[in-house]
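All remarks here apply to the structure that follows.
The values are calculated or read from the model by the stated rules, or taken from the named source; none is laboratory data. Small disclaimer: the values here were computed from a predicted structure and weren't measured. Neighbour counts run over all protein chains shown; Cβ positions are idealised from the backbone, glycine included. Just the protein is used for accessible areas: all its heavy atoms, side chains included, with ligands, DNA and RNA removed. Shrake-Rupley method; radii C 1.70, N 1.55, O 1.52, S 1.80 Å.
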Amino acid sequence: MLLVQKVRVPLGVIFFIYESRPNVTADAAALCVKAGNAVILRGGKEAIHSNTAIAAILAEAAAKACLPADAVQLVGTTDRAAVGCLLRMPEYIDLCIPRGGESLIRRVAEEARMPVLKHFAGNCHVYLDESADPEMAERIVVNAKCQRMGVCNAAESLVVHSAAAEVLLPRVGRALLERGVEIRGDERTRQLLAAAKPATEEDFAAEYLGPIISCKVVDSLDEAIAHINRYSSQHTEAIVTRDSAARAAFCGLHRQFGDHD
């Protein structure tokens, strides 16, 4: 008999560094404490007063729930030197999680003496396989690109199998264009979408964080995987297919390149 369980394992003390948005104060604290961790929060100077008020409420709520009030702590200074000091304390901090721009995350990764959970950029791909359902493909691509364009897991690149491109690409492309998204594609994409603009190497590697998406037409699953692994930022990739073998191959081959699926 195989027994499968989901087990929550606390990591210890987490140093969570983020930038301007004060809602992250509550979000980060809740996730860390729910998993049994203590958390040290360091937000941006733009929201120091809001962060201080939210952290005080969280500490009070923790005490009322019979948790240590100090399980949630806020770095009360906006001095950048404080971050560097804490990053050199692996004896007290078990994990650092930076959330923000690339410069912040690179600084944390370079200075931290403890493990860092990080990502730099989000050039995320959606691959439409030859067996993809057209309606599903349209809904997934529109949602992945248009729901929130400025987040790191928004779709920035579209890859379409040539066997289905004549059906899928005009439909999906029209839906994107209707929502104000500019499409930059290779020559085969532009043959099927007259409104598409020529794509450059920089376009295929870009994290747009706005109403632009790159598009590439490929002849096989292997070519799709090769294209994604060449330009991916190793953040989030997706396949739309009705073929279980293609799905398994996409996940398995993609993982061999060291990326997420």
Among the numbered criteria (1) open to solvent by 30 Å² or more (accessible area, probe 1.4 Å); (2) under 24 Å from the mean Cα position of the chain (by Cα); (3) among the aliphatic types (A, V, I, L, M), which single criterion is violated by ILE54?
(2)
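Counting only residues that are open to solvent by less than 50 Å² (accessible area, probe 1.4 Å) and modelled with pLDDT of 90 or more, which one in the stretch 232-249 is farthest from the chain's Cα centre (by Cα)? Before you say what the answer is, go through the steps one by one.
Restricting attention to the stretch 232-249, the residues satisfying the condition of being open to solvent by less than 50 Å² (accessible area, probe 1.4 Å) are 232-233, 235, 237-241, 246, 249.
Still in the running and modelled with pLDDT of 90 or more: 237-241, 246.
Numbers: GLU237: 10, ALA238: 12, ILE239: 16, VAL240: 18, THR241: 22, ALA246: 24 Å.
Step by step, filter the stretch 232-249, then rank; the result is ALA246.
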Give me the residue from the stretch 200-214 that is of a type outside the set (Phe, Trp, Tyr), open to solvent by 30 Å² or more (accessible area, probe 1.4 Å) and part of a loop (DSSP other than H, G, I, E, B) and, out of that set, modelled with the highest pLDDT.
PRO211
Which of the helices (runs of 4 or more DSSP H) found entirely inside the stretch 73-169 contain at least 2 residues meeting this: over 21 Å from the mean Cα position of the chain (by Cα) and surrounded by 18 or more Cβ atoms within 10 Å (Cβ to Cβ)?
80-87
When the stretch 187-212 is checked residue by residue, the ones that are more than 18 Å from VAL142 (Cα to Cα) and β-branched (Val, Ile, Thr) are THR200
Would it be correct to say that THR25 is within 24 Å of the chain's Cα centre (by Cα), outside any loop (DSSP other than H, G, I, E, B) and touching a residue at least 24 places away in the same chain (Cβ under 8 Å)?
yes
